[in-house]
């Protein structure tokens, strides 16, 4: 009986630790109002693009790429817009259809579709999330670092997305700033299609 109790405790300990780490991440996400950061995004071919990311809860985010890259990704809280100014095309999909939904809807209980990855090192929390009902949305692995003064004592350090085709894109953040004033106009964008006006 004692041996069984010890075994049960050993099994429960990692689960409790994971639950605690997810609770910390949830508290961080719910405490974030705004964030700005620099990013470096590397695709499966090893090509790296840089830029700035601007986030405002709930659901608004903008990826402004370096000047020589004619791409823009903007979420207005309801949908992501992928704008390619070179070919004058716009693609649009619901926020909930993106792995980044895990970061953009803090009202959701992330324990329902994410788990903490154990053994990631002191001062770091890594979680992995996917929607089991929609595997085509891909899997996202998100890293957080302990940082005093940051919301919930954590700072988002980056993420890696593995799509349904096995392609991985990794985004690393730096120079994160939280709670800075951000206007909703920061998420406006120019539609390059001739028949459309400005958004």
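If you go through the range 34-59 and keep only what is at pLDDT 95 or above and either touching a helix residue (DSSP H, G or I) at 6+ places or on another chain (Cβ under 9 Å) or over 22 Å from residue 169 (Cβ atoms) (or both), you end up with 34, 35, 54, 55, 56. Can you pull out the residues in the range 135-155 that are assigned to a helix (DSSP H, G or I) and over 15 Å from the mean Cα position of the chain (by Cα)? Within the range 135-155, 135, 136, 151, 152, 153 qualify. Kindly provide the set of residues from the range 122-142 that are surrounded by fewer than 16 Cβ atoms within 10 Å (Cβ to Cβ) and more than 16 Å from residue 156 (Cβ to Cβ), ordered by number. Correct list: 122, 132, 133, 134, 135, 136.
So that you can scan it fast, the table gives a plain yes or no per residue for (1) touching a strand residue (DSSP E or B) at 6+ places or on another chain (Cβ under 9 Å); (2) without any contact (Cβ under 8 Å) to a residue 60 or more places away in the chain:
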residue: 19; (1), (2): yes, no
residue: 26; (1), (2): no, no
residue: 39; (1), (2): yes, no
residue: 43; (1), (2): yes, no
residue: 46; (1), (2): no, yes
residue: 53; (1), (2): yes, no
residue: 69; (1), (2): yes, yes
residue: 74; (1), (2): yes, no
residue: 90; (1), (2): yes, no
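For residue 99, state whether it is more than 23 Å from residue 168 (Cβ to Cβ), within 12 Å of the chain's Cα centre (by Cα) and either surrounded by 15 or more Cβ atoms within 10 Å (Cβ to Cβ) or at pLDDT below 90 (or both). The answer is no for residue 99. Scanning the range 117-134 for residues that are assigned to a strand (DSSP E or B) and in contact with a helix residue (DSSP H, G or I) (Cβ under 8 Å, 6 or more places away or on another chain), we see that the one that is modelled with the lowest pLDDT is 130. Residues that are in contact (Cβ under 8 Å) with a residue 12 or more places away in the chain and surrounded by 11 or more Cβ atoms within 10 Å (Cβ to Cβ) within the range 102-117 comprise 102, 103, 104, 105, 106, 110, 111, 113, 114, 115, 116, 117, listed in sequence order.
The values are calculated or read from the model by the stated rules, or taken from the named source; none is laboratory data. Since we're looking at a predicted model, the values are computed, not measured. In this analysis, Cβ positions are derived from the backbone assuming ideal geometry, glycine residues included, and neighbour counts consider all displayed protein chains.
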